[in-house]
Structures are given as C-alpha cells and as structure tokens.
Amino acid sequence: MKTKNILVFLLLIAVLPIQNVAAQKKAKKDIAIQLYSVRDLLKDINKNGEASPNYTAILKKLSQMGYTGIEAANYNNGKFYNRTPEEFKKDIEGAGLKVLSSHCGKGLSAQELSSGNFTESLKWWDQCIAAHKAAGMKYIVTPSMETPKTLKDLKTYCDYYNEIGKRCKANGMEYGYHNHAFEYQKIENKVMMDYMIENTNPEYVFFQMDVYWVVMGKCSPVDYFNKYPGRFKVLHVKDHREIGQSGMVGFDAIFNKAKTAGVKDLIVEVEKYSMEIEESIKVSLDYLLKAPFVKNSYSK
C-alpha cells in the first residue's frame, strides 16, 4: 500500500509541471507594441501603397509572439505606413492584432503661440482625427513637443491640447500626451509636467507615461501616480534596452500602482537593442508575460 501511494505521488509531481506549462501557454496578457520598435524592419516597404509580404509577415510575427495590439508611428497625409486608414485597419486585424493607438502631432507656429489662435492647426487635426477614426483607433497621442520658453507658451499648448482632446472625444476617441525627460525640467520655477497635468482637462487629455523617460528625468513614476491619480491611462513600458534587463526601472512598484495611475492599456516600446530586433522585442514581451505583477488586462 505504501509503495502504491509513493508511485501515485511521484506521478503527480511529474504531471503538475506539464499542467503548469500548459496553463502558462494559455495565459495571455493584453500588451500592445509601438511599431517604432520595429522601425528598421518596416523601412522601404509599402512605397506603392500595397501590402508587401515583409510588412504582412512582421505584423503576423508580432501577433505570434503574443502581442495583442499596435500603436502606429507613421501617420502622414491621411495614411498609415502608406496605407489608407481602412487598409491599415484591415492589415492589423488580419494579423490577429487590434488597432489601439497612434503617435502623431502638429506643433504650433510662432505666430500661433504669440496670438493664442491655433485655428489653422486645428484644421489639420480635423483631417487627422477623421483618418484615425476610419482606422479604428482608440487613442491619438502627441509624442513630444518643443520645450516652451515661457509658462504663457506652455499654457497655450495646454489650451491647444484641450481643444484637440475635445474633438477626439466627439469622434469616439481619446487624446493623450507622451512624455520624454525634458518635461521634468522647470520653466519659470514650475515643473513642466506638473503644469501640463494641472492645466489640461482630464475629460479631454490623458498622459501616456513613458516610465523610462520619467526615471531619466530623475523622477518617480509612482510619485506621479500618487500625486495625479487617474491621469495616466496608458503606459509606455520601456527600459534602457530590452525591458527588465537593465535594473534601472522599478517595474514591480510601477505596476503595483497601476490602478491608482488609472492605467487601461500597456504599450511596449524598444528604442535600443542589445540583440537582433525580433529577439529584442520578444525578450521584452516575455519579461512582462512572466512577471507576476503584470495583470492579464487593465481595461476590465
């Protein structure tokens, strides 16, 4: 009897790891990728407006790796990667991904800054918003801006962003701003990022926190989550190279405060590589898929 029990016990030990591996394979996390991460793979394709085999293959590989959506970084004159909004949406969804977000923006001219009248720039935005709506975008995000010289100029930009956000909302989308490190510098003794958050309407403008650039700006993402709860709807998950490899960014603390931040979506961006591009973006995703502090979804 004892021998039989030992055999059963050993059998269970042997089977459990297999079950755990199967469960891990079935587990899927909702994580998108910024297509700037594969910019070198997307070079010189779709010049004729046709979906090339390379372009289609790259999108399929992203889906096979486990990415669930994309953020575009190539909007120009009504097109995405030289594809119409409708074609781009079909390309992305055909690869098993969702169209989530897009980086694009239009800076104000010197005249618009001095006058505070940005009517002309808003005409461009009306066309841009229409194209993004046709592509099925959830978010439009301005990726950066020139550093304003005065708080007056920064206030003009905040008013401008509020108006863009209002127009996005009227079209069923949300508008955000993506930080780098310079926003954590002071203008007239006021931290630029704090001023932007305090002078934009949360109904119209969210902030896509790039956690790596916050750290490079010598600030704490968690401190900003606590100070401005609910304002950081989307996270750009980034590291010095592959995600989780440098030890420079405290991802566990960041993700443990995601609810306070108001996070709904995660987007991986890899700007520098220490290995081949495809391996780099897979290593970055695998780190997040295996991390116990990263939830399967933040939108529910």
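Rule-based calculations on the coordinates, nothing more; no lab input. Computed from a predicted model, the values in this text were never measured in an experiment. Positions of Cβ are backbone-derived with ideal geometry, glycine not excepted, and every protein chain shown enters the neighbour counts.
Normalised radius of gyration (Cα atoms, divided by 2.2 N^0.38 Å) for segment 131-282: 1.06.
So what's the net charge close to Lys155: Lys and Arg +1, Asp and Glu -1, counting the other residues with Cβ under 14 Å from its Cβ? Present the calculation step by step, with values, prior to reporting the outcome.
Details: positive: Lys149, Lys152, Lys190; negative: Glu112, Asp153, Asp159, Glu163, Glu188, Asp194, Glu198.
Net local charge, Lys155 excluded: -4.
For the chain, taking Cα atoms only, Rg and Dmax work out to 21.7, 90 Å respectively.
Counting only residues at least eight positions apart within a chain, or on another chain, the aspartates and glutamates with an alpha carbon under 17 Å from that of Lys29 are Glu71, Asp252, Asp265, Glu269, Asp286. Charging the Cβ of each Asp and Glu at -1 and of each Lys and Arg at +1, and nothing else, the dipole of segment 160-300 about its Cα centre rounds to 500 debye. For the residue pairs Lys169/Lys272; Lys61/Lys290; Lys47/Lys169; Lys60/Lys272; Lys89/Lys259, alpha carbon separations beyond 25 Å are given by Lys169/Lys272; Lys47/Lys169; Lys89/Lys259. Over all other residues within a Cβ to Cβ distance under 11 Å of Gly116, the charged ones net out to -1, with Lys and Arg as +1 and Asp and Glu as -1. Within the straight-line cut-off of under 17 Å between alpha carbons, the lysines reachable from Lys149 are Lys186, Lys190, sequence neighbours fewer than 8 places apart in one chain being disregarded.
Between Ser274 and Asp40, the distance separating the two model label sites (each 7 Å from Cα on the Cα→Cβ line) works out to 1.6 nm. Note on His240 and Asn201: with the Förster distance fixed at 35 Å, the Cβ-Cβ geometry gives a FRET efficiency of about 0.55.
Taken along the Cα-to-beta-carbon direction at a fixed 7 Å, the label points for Glu146 and Ala253 span 3.6 nm.
What is the list of residues in segment 241-276 whose amide nitrogen lies under 20 Å from a point 7 angstrom out from the Cα of Lys218, following Cα to Cβ? Counting only backbone N, you get 248-250.
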